[in-house]
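**Student:** Attaching a single structure in C-alpha cells format; questions to follow.
What follows draws every value from the coordinates through simple rules; no lab data is involved. All of these numbers come straight from a predicted model, not from anything done at the bench. Using ideal geometry, Cβ is built from the backbone for each residue, glycine included, and neighbour counts are taken over all protein chains shown.
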Amino acid sequence: MSNRLFQGLVHQMRDTIDATVGVVDDSATIIACSDLTKVGTTNEFVSLDLSDVHDIFIRDGYTYKPFGSPNKPEYAVFVEGVDDAAAKYANILAIALFNVKQYYDEKYDRNNFIKNVVLDNVLPGDIVIKARELHFNAEVSRVVLLIRIVSTNDVSAYDVIQNLFPDKNKDFVFTISESDIVLVKEIKGAVDAKDLEKLARSIADTLSGEFYTRVNVGIGTIVDSIKELSRSFKEAQTALEVGKVFDTDKAIVSYDNLGIARLIYHLPTTLCETFLHEVFKRGSIESLDHETLFTIQKFFENNLNVSETSRKLFVHRNTLVYRLEKIKKLTGLDLREFDHAIIFKIALMVKRYLSANPAKF
C-alpha cells in the first residue's frame, strides 16, 4: 500500500521539481518514480544497506535521503542531481513521504487494533500500551453495532457503511465474516438506547431503500473504556441471537431492551425443561390451539384487561372469560391473576427458546 501512496505524492511533485524523483526500498528496487518506466527496476549503482545510513548520500548522479523507522530506515528518496537544490528536495520529500507513511500506518493499525480488541484477541495489559502508541483516545464512550446481512443485491454493504461514517479517527468499520460487519461508533453527550436504535434504523433503511440489502442490527451497550469494547460486541451478538429466537420480525435489537428474554437465553436448557414440566401438566401447553394462544397474546398485550381484550378481538366479554376458564382448566393457571400470568408468559418464552434447539448444557 505504501508504494501507491508514495507514487501519488511523487507524481504530484513531478511538475514542481524539474528532475527525476522517486523512492527505493531496502533492496534498492525503485517502488515509485516520476519516470514510470523506472518503477520496478533495481538500481545496480545503489547497493545500500539502509540500516547503517540516515544521512544524505550521493550515487551515480543522484542524491539519496533515507527515511522510515528511526532504527532502520526501510526506504530512501532519490532526486536527480548532486547540488544543494537536489539535497533540499530530497530532505523535503523524505519528510513528506515519512509523514504520509506514518499517517497511513497509524490509521491502518488503529483499525486492526480495534478489530482485535473487539474480537478479544489482545491481552488487557497490552490494550493500554498499544492505544498509547497509536495516540488512541482510550477513554471515549463508544458502542458496538453488529450489522448482519440477511439478503443482498451484489452491493458491498461494508463500503456503504464506511461511507455513512467517514471519520476514520472516531468510527471504525470492519468485516468479521461474509455476512457480519462491525461498527464501533464514538458516542458524545447524552445518548440512550432509543437514539442508538434510530441510528441502527437509519443504517438498515439506507441499505434497504437505496441498495436493496436487508440487514438485522444488534446493538451492544455503551462503554467508557476501550477494554470494554469486546463486551459491547458480545452483547450485540447476543442481541441478534436472542432477537432471532424471541422476536423474528424485529430487524433492530438492542441488548438493553432484551429484558427477560436475555435471562432465559442464558439459562441451561435442562433447567428450562424442568421448569416447563413443573409449570404445566404433561402435554397441557401442547393442547392449546392457535386461536387460544392468539387470545393469550392479546390478553397480555392489553395488560390482562378482559373488557379491552374482548373489544380488540371483536368477541363478547363472556366468550373471552370462557376461553380463559378453559385455559385455567387445561393448565391450572388463571391468567387474570398477575402471578399466574407472569408464570405463563415466561413459560411461553422458555418453550419458544427450547423450540429454537439451543445447544444443550
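**Student:** Would you mind calculating the relative contact order of region 4-154 from Cα pairs under 8 angstrom and at least 6 residues apart, reporting the percent as a whole number?
**Tutor:** 15 percent
**Student:** Follow-up. Report the relative contact order of the chain, percent, no decimals, based on alpha-carbon pairs under 8 angstrom and at least 6 residues apart.
**Tutor:** Here the relative contact order equals 10 percent.
**Student:** I would also like to ask the following. Could you state the angle between the C-alpha long axis of helix 290-301 and the longest principal axis of the C-alpha atoms of the chain, as a value from 0 to 90 degrees rounded to the nearest 10?
**Tutor:** 70 degrees
**Student:** R0 = 41 Å: FRET efficiency of Lys168 with Thr269, Cβ-based, nearest 0.05?
**Tutor:** 0.45
**Student:** Compare the Cα positions of Phe6, Thr42, Asn216 along the charge dipole of the chain (+1 at Cβ of Lys, Arg; -1 at Cβ of Asp, Glu; about the Cα centre) and return the one farthest towards the positive end.
**Tutor:** The listed residue farthest towards the positive side: Asn216.
**Student:** Using only Cα atoms, figure out Rg for region 67-202 and give it as a multiple of 2.2 N^0.38 Å.
**Tutor:** That works out to 1.41 for region 67-202.
**Student:** Please list, or write none, the aspartates and glutamates whose alpha carbon is within less than 14 Å of the alpha carbon of Lys168, excluding same-chain residues fewer than 8 places away.
**Tutor:** The qualifying aspartates and glutamates are Asp105, Glu106, Asp109, Asp159, Glu186.
**Student:** Follow-up question, since we're still on this one. Give the angle, between 0 and 90 degrees and rounded to the nearest 10, that separates the Cα long axis of helix 269-279 from the longest principal axis of the Cα atoms of the chain.
**Tutor:** With both axes taken from Cα atoms, the answer is about 20 degrees.
**Student:** Sorted by packing (mean other beta-carbon atoms within 10 Å per residue), highest first, where do 213-226, 334-347 land?
**Tutor:** 213-226, 334-347
**Student:** On alpha-carbon atoms, Rg over Rh for the chain using Kirkwood Rh?
**Tutor:** Computed over Cα atoms, the ratio is 1.23.
**Student:** If you don't mind, there's one more thing I want to ask. Toward the positive end of the charge dipole of the chain, about the Cα centre and with charges on Cβ (Lys, Arg +1; Asp, Glu -1), which of Ala157, Val82, Ser307 goes farthest?
**Tutor:** Farthest towards the positive pole: Ser307.
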